Amino acid sequence: MEKLVNLHINVGKIGIRLFILNVYWLLFTLAGLLVFGVVPASRALIAVLLEEHERSFDQPIRELFPRFLNYYKSSFFKMNRQFLPFNLLLLLLVVDIRLLSVYHFSGLDGGIGILLRFCLLLAVVFSLFFLRFSLQEDSFKATCKKSLIFLFGRPLTALGVLIIGTVSFCLYYLIPGLAMVFGSAAPFYLLLLQIEPKLSFQPEAKTLSK
């Protein structure tokens, strides 16, 4: 009975923090006019989630906002600059897929469409790995190298990340209310649980004192 009570307490403790962090993610994404806010907000979300996980989600809730803000401000210009090529690539792939769905080119759109969608999935998973490894403050080249190693050298990990993202998308589509409550926070946390056992990590920014 005690274990069941502790389980409910831990689930509630994690759930409320995921909800609050999702609200912060939405607010800071909007603060960056979506296009310029989503990447640094996602990086800040990942960083705070990692800290919370390492400390068993026992830190005071009031500390979430200053830590989120600290990560967001410190990486805003850097991450937008580094992510520019990825954003352009993702936009190009999405536009190509859309064009193929509207226009048909001699029956080749089927195979090309599958290839483009596969490339889009690879680009999305690579971007998630890049966001994760960017916390280690390596050079841009080193971060890209680590991300590529995880993408192609650890296919089961990459597949796990893809499955988690797909299942989360399907759940949010079937139960829209979940997206409003947990949004990006819950999927990102599950993604980190998939990635973190494969490496060790210490965030570069210090937790702000009370």
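A few notes on this one:
- The chain, accessible area per residue, ligands and nucleic acids excluded (1.4 Å, Å²): 58 Å²
- Using alpha-carbon coordinates, inclination of helix 155-174 to the longest axis of the chain, degrees: 80 degrees
- Estimated distance in nm for a label pair at VAL124 and VAL95, the labels positioned 7 Å out from Cα along Cα-to-Cβ: 2.0 nm
- In percent, rounded to a whole number, the relative contact order of the range 19-88 is 34, using alpha-carbon pairs under 8 Å and six or more apart.
- Rounded tilt (10° steps) of 38-54 against the dominant C-alpha axis of the chain: 40 degrees
- The chain: relative contact order as a whole-number percent, Cα under 8 Å and 6+ apart: 26 percent
- Over the range 121-182, Cα pairs under 8 Å with separation of 6+ residues give a relative contact order of 28 percent.
- Overall shape: oblate for the range 1-120, with the ratio a/c of the largest to smallest alpha carbon gyration tensor axis at 1.5 or above and b/c at least equal to a/b.
- Helix 64-102 axis versus longest C-alpha principal axis of the chain: approximately 20°, rounded to the nearest ten.
- Overall, the accessible surface of the range 51-164 at a probe of 1.4 angstrom is composed of carbon and sulfur to the extent of 72 percent.
- Taking every DSSP helix (H) stretch of at least 4 residues in the chain, weighting each as -39,500 (n - 2.57) and dividing the sum by the residue count yields a mean residue ellipticity at 222 nm of -25500 deg cm²/dmol.
- Full extension of the chain between ASN6 and LEU178 yields a length gain of 59.6 nm, computed as 0.36 nm times the residue separation minus the alpha carbon distance.
- Extension gain for LEU193-LEU156 works out to 12.0 nm (0.36 nm per residue, less the C-alpha to C-alpha distance).
- Inter-probe distance in nm under a simple model that places probes 7 Å from Cα toward Cβ, at GLU63 and ASP138: 2.8 nm
The values are calculated or read from the model by the stated rules, or taken from the named source; none is laboratory data. Predicted model only: the values in this text are computed from it and were never measured. Every residue, glycine among them, receives a Cβ derived from its backbone with ideal geometry; neighbour counts consider all protein chains shown. Only protein heavy atoms, including side chains, enter the accessible area calculation; ligands, DNA and RNA are left aside. Shrake-Rupley method; radii C 1.70, N 1.55, O 1.52, S 1.80 Å.
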